[in-house]
1. Which order, highest average first, do 142-153, 122-133 follow once you tally other Cβ atoms within 10 Å for each residue and take the mean per peptide?
2. Give me 298, 399 sorted ascending by neighbouring Cβ count inside 10 Å, so fewest comes first.
3. What are the radius of gyration and Dmax of the chain, computed over its Cα atoms and given in Å?
4. Calculated from DSSP H runs of 4 or more alone, at -39500 (n - 2.57) each and per residue, what is the 222 nm mean residue ellipticity of the chain, nearest 500?
5. Given the convex hull over the Cα atoms of the range 102-155, what projected area results after averaging over all orientations, in nm²?
6. Let me spell out the model: positive unit charges on the Cβ of Lys and Arg, negative unit charges on the Cβ of Asp and Glu, origin at the Cα centre of the chain. What dipole size does that give, in debye rounded to 20?
7. Scan around residue 258 for amide H atoms under 5 Å from its own, H built in the peptide plane at 1.01 Å from N, and keep only partners 5 or more places away or cross-chain.
8. Which of the lysines could a cross-linker bridge to residue 39, judged by Cα under 29 Å and excluding same-chain residues fewer than eight apart?
Amino acid sequence: MNSPAAAFGNLATRLPQEVDVVIIGGGLMGCASAYYLGKTGARVLLLEKSILAGQQSSRAWGFVRQQSRDEAEVPLMQASIGIWRALEQELQSDLGWRNDGCLFVAGNEAERDGYASWLPVARDFSVDTVMLSPREVEARLPGYAMPQLGGLFTASDGQAEPTLVARAFARRARELGVRIVEQCGARGIDVAAGQVVGVETEHGYVKAKTVVCAAGVTTFRLLKLLGIELPQQLVRGTVARTTPGPALSGISTIANGVGFRQRLDGSFNIADDAHVDVDMTLGHLRALHWYAPSLWAHRKSFRFNLNGACLNDLRQRLPWSEPARLGPGIHERAPRIMPNGKSLRAALHGLKSAFPNQAATQIADQWAGGIDVLPDGIPVIDAQTSPRGLAVATGFCGHGFAMGPIVGKTLADWIDTGNPGLDMRQLRLSRFAEGDVKPPSSLF
């Protein structure tokens with residue numbers, strides 16, 4: 001895939017001795033938080049153990065949707081859509097933004113009923129979601145050749161390019177004075193008398209009274225060093241980019257077993273509907289009791305594999321391994337996550353079957369990303385934690401890309417003024433310790 005370039009920020013000069021906020025993690029959440037915190041005038045240091053947006057933030061589908069989300073996420077996504085519409089202008093960057101909607105096509109009655117079950121949520125939050133008739137689906141997806149019973153459609157949703165967004169935030173953040181350092185991981189968060197006081201990095205200690213932990217699946221390891229148990233796990237999602245095909249639609253779509261969106265250049269991002277791979281390791285035994293009650297209900301969404309990931313996990317547990325040397329706060333610098341070629345062949349077949357005029361379209365590139373999940377299928381977004389001064393943004397379960405702008409802005413407002421501007425109670429970190437965890441509407 002078109003990976004982000006390295007050396008966005010380096011250690012040409014020494015780390016600052018003290019800042020107001022240290023952000024751990026240079027994915028979309030970290031970069032967006034850095035930008036909005038920079039706008040408040042805060043002194044900010046962003047640390048990334050590898051390269052900016054080197055993992056899942058650049059490997060997502062690129063859907064920007066309110067549709068079919070958990071109720072806890074809908075107000076955030078409504079606010080995020082408002083930001084997305086003006087984001088290219090604000091960041092002075094091409095983000096591949098298309099505001100053409102999101103459509104889930106029902107191939108049978110069970111799918112139709114499942115999609116329609118979200119309409120009461122849409123009404124409660126005044127989202128412009130409707131059920132389309134088969135004829136209305138055909139009007140929005142010209143040439144659709146498979147049997148269908150209509151679909152769920154949200155006109156205000158859109159799409160953007162994951163490879164562009166995080167680094168656009170980072171460029172503007174750096175112009176605001178944010179210090180960005182790649183190839184520098186955080187070894188731990190220092191706390192005294194219940195208050196964050198600094199961060200121990202690979203290259204020295206930095207004083208700070210606020211830390212934003214947005215470190216993807218490494219977040220649970222950093223929190224564990226503070227005595228906080230987060231039941232976070234990792235699954236693998238696979239995506240491909242095709243060669244350009246005939247113009248179809250700018251709608252982000254799930255139909256005929258394939259999720260797809262057509263870029264402005266005519267190429268498609270495609271994935272095997274809503275399936276992910278679970279590459280079993282000893283690590284999956286951790287917090288299993290949190291996931292077990294929901295696994296059967298969502299079993300069709302997962303492919304369980306016993307493969308090289310298990311052996312790699314065992315190697316990483318040896319005392320002389322690189323993760324042991326780097327420590328749990330860093331663990332693995334830049335994991336290589338291999339795509340599932342079989343699932344992509346199925347996705348391409350699904351696209352061509354649904355749209356015969358795409359018969360010449362072929363896969364041009366493919367990649368996979370590690371999706372960090374939580375057992376209730378919604379993230380942790382919290383800046384009112386114990387210890388004081390710790391903010392957390394993690395566990396986005398494969399649908400965090402669309403939320404990136406509002407997550408960054410919400411955390412910045414929360415840190416700057418003490419008010420997030422939205423009701424964040426359902427997304428608090430402490431819900432797991434409190435046992436206040438509901439069953440997921442989906443697990444990714």
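All of the numbers you see were taken from the coordinates with simple rules; none came from a lab. What you are looking at is a predicted structure, and each value in this text was computed from that prediction instead of being measured. Methodologically, a virtual Cβ is constructed for each residue, glycine included, from the backbone with ideal geometry; neighbour enumeration extends over all protein chains shown.
1. Values: 142-153: 18.4, 122-133: 15.5.
Output ranking for 142-153, 122-133: 142-153, 122-133.
2. Numbers: 298 17, 399 23.
Going from least to most buried by this count: 298, 399.
3. Using the Cα atoms of the chain, the pair Rg, Dmax is 21.2, 65 Å.
4. Mean residue ellipticity at 222 nm (helix-derived): -8000 deg cm²/dmol.
5. Working: hull surface 13.5 nm².
Approximately 3.4 nm², given one-decimal rounding.
6. With only Lys, Arg, Asp and Glu charged at Cβ, the dipole is about 860 debye.
7. 273
8. Reachable lysines: 49, 207, 209, 409.
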